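Contents: one structure, followed by commentary.
The values are calculated or read from the model by the stated rules, or taken from the named source; none is laboratory data. Predicted model, so just to flag it, every value in this text is computed and none were measured. Because the Cβ atoms are built from the backbone with ideal geometry, glycine has one as well, and the counts that use them run over all protein chains shown. These area figures cover heavy atoms from the full protein model, side chains too; ligands, DNA and RNA do not enter into them. Shrake-Rupley method; radii C 1.70, N 1.55, O 1.52, S 1.80 Å.
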Amino acid sequence: MTTEAPLQEQSARILEEVSRVIVGKEQVLQKILMAMLANGHVLFEDYPGLAKTLTARCFAATVGCEFKRVQFTSDLLPGDVTGSYVLNRKTSEFELRSGPIFCNILLADEINRASPRTQSALLEAMQESQVTIENSSMKLPPPFIVFATQNPIEYEGTYPLPEAQLDRFIVKLGIGYPSQTEETEILDRRLKRQTDEEKVAQVVSKEEFLGMQKMVETVHVDPALLKYIVAIVDKTRGHGSFEVGASPRGSLSILKLSRACAWLHQRSYVIPDDIKFVAVSALSHRVILTSDQWIRGAKPEVVIEGVLQSVDVPKVD
């Protein structure tokens, strides 16, 4: 048996372990793991209390990665995230006091509550996996993945993320409310656990997870499917419901996520259904509705679903 096969089986175990804590939400958990395997950042936009922080912490624990959380507030400064140089009075030299960004998985909680200046501290880290402090650039330890959350209903006192920063998230996801059956299961598990603390087991080491990311890069994509991805993204640019369509980074995100989707399902090649499964989550935050559509309450996700239905699916041998 090859090294790849056991690691593919471990990916199923990762989902299984997280599902011990997060009830239901199978597709959301799959997309989160796909984003991680594609070495991409995840934006959660949903109501409070839906286990966004817990989900991020559980995934970090299962893949043996260091997890840190930052609560973004209006008075948070860039140095609070990246760190800064501090004078050591004993040596009379400046020493770097690393900020929470020096980790593998960073949760930026309520990211839109911080000022644009502080939000921008993440831009270089998210794009280039490095941080610049006092003209010194330092690489962040791989993997480096940002999980960011924002509340979709409280906009007072917030700073909406600019398109340039939204574009750096490979997916935008919502957890959603549980069904009555799922919520009953949540309560039942809490009774049996007899504590608020949730524990998950480590499934793979950080080194094995990095190996999984490398294996995703070997998944084959037929040239016809590349054209299919481009056709979907191009359709958003001339669509009457969108003021601004998706950028080429949207195409790249679909490509990377579809390869992760194929690998997660133990295939060495991408099929059209992989692309359909990830396209909405990969594109919904990269488009801007026209003012008319926004006033009517249209949702980008619904419009993109229509785009998918309007693009012919290629036949692949």
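What to note about this one:
- Checked against (1) within 30 Å of Phe209 (Cα to Cα); (2) of a type in the set (A, V, I, L, M, F, W, C); (3) open to solvent by less than 10 Å² (accessible area, probe 1.4 Å), Ala121 passes all but condition (3).
- Only a single criterion out of (1) of a type in the set (Val, Ile, Thr); (2) within 22 Å of the chain's Cα centre (by Cα); (3) closer than 22 Å to Met34 by Cβ is not satisfied by Ile288, namely (3).
- Considering residues of the stretch 87-105 that are closer than 22 Å to Cys58 by Cα and out of contact with any helix residue (DSSP H, G or I) (no Cβ under 8 Å at 6 or more places or on another chain) only, the residue surrounded by the fewest Cβ atoms within 10 Å (Cβ to Cβ): Phe102
- Cβ-Cβ contacts under 8 Å between residues 6 or more apart (or on different chains), taken from a first residue in the stretch 81-95 that is under 22 Å from Ala114 (Cα atoms) to a second residue that is in a strand (DSSP E or B) and among the hydroxyl-bearing types (Ser, Thr, Tyr), are listed as Gly83/Ser98.
- Members of the stretch 242-276 that are part of a helix (DSSP H, G or I), touching a Cys at 6+ places or on another chain (Cβ under 9 Å) and crowded, with 19+ Cβ neighbours inside 10 Å: Asp274, Ile275
- Filter pass, Glu217 being in contact with a Lys or Arg (Cβ under 8 Å, 6 or more places away or on another chain), charged (D, E, K, R) and at negative phi: yes
- Subset of the stretch 150-204 [surrounded by 12 or more Cβ atoms within 10 Å (Cβ to Cβ), at pLDDT below 80 and of a type in the set (Phe, Trp, Tyr)]: none
- Check on Glu207, part of a strand (DSSP E or B), open to solvent by 70 Å² or more (accessible area, probe 1.4 Å) and charged (D, E, K, R): no
- Across the stretch 210-226, the number of residues qualifying as loosely packed, with under 14 Cβ neighbours inside 10 Å and under 22 Å from the mean Cα position of the chain (by Cα) comes to 3.
- Count of the stretch 11-65 residues which are over 17 Å from Leu173 (Cα atoms), open to solvent by 10 Å² or more (accessible area, probe 1.4 Å), of a type outside the set (Gly, Ala, Ser) and not in a helix (DSSP H, G or I): 3
- Residues of the stretch 291-311 classified as in contact (Cβ under 8 Å) with a residue 40 or more places away in the chain and more than 20 Å from the chain's Cα centre (by Cα), total: 8
- Top-ranked residue of the stretch 159-177 - restricted to ones that are more than 14 Å from Lys31 (Cα to Cα), touching a residue at least 60 places away in the same chain (Cβ under 8 Å) and not in a loop (DSSP other than H, G, I, E, B), ranked as nearest to the chain's Cα centre (by Cα): Leu166
- Reported count of residues in the stretch 237-254, each being closer than 19 Å to Gln165 by Cβ, within 16 Å of the chain's Cα centre (by Cα) and not hydroxyl-bearing (Ser, Thr, Tyr), is 3.
- Arg237 being open to solvent by 20 Å² or more (accessible area, probe 1.4 Å), farther than 22 Å from Gly174 by Cα and without any contact (Cβ under 8 Å) to a residue 12 or more places away in the chain: yes
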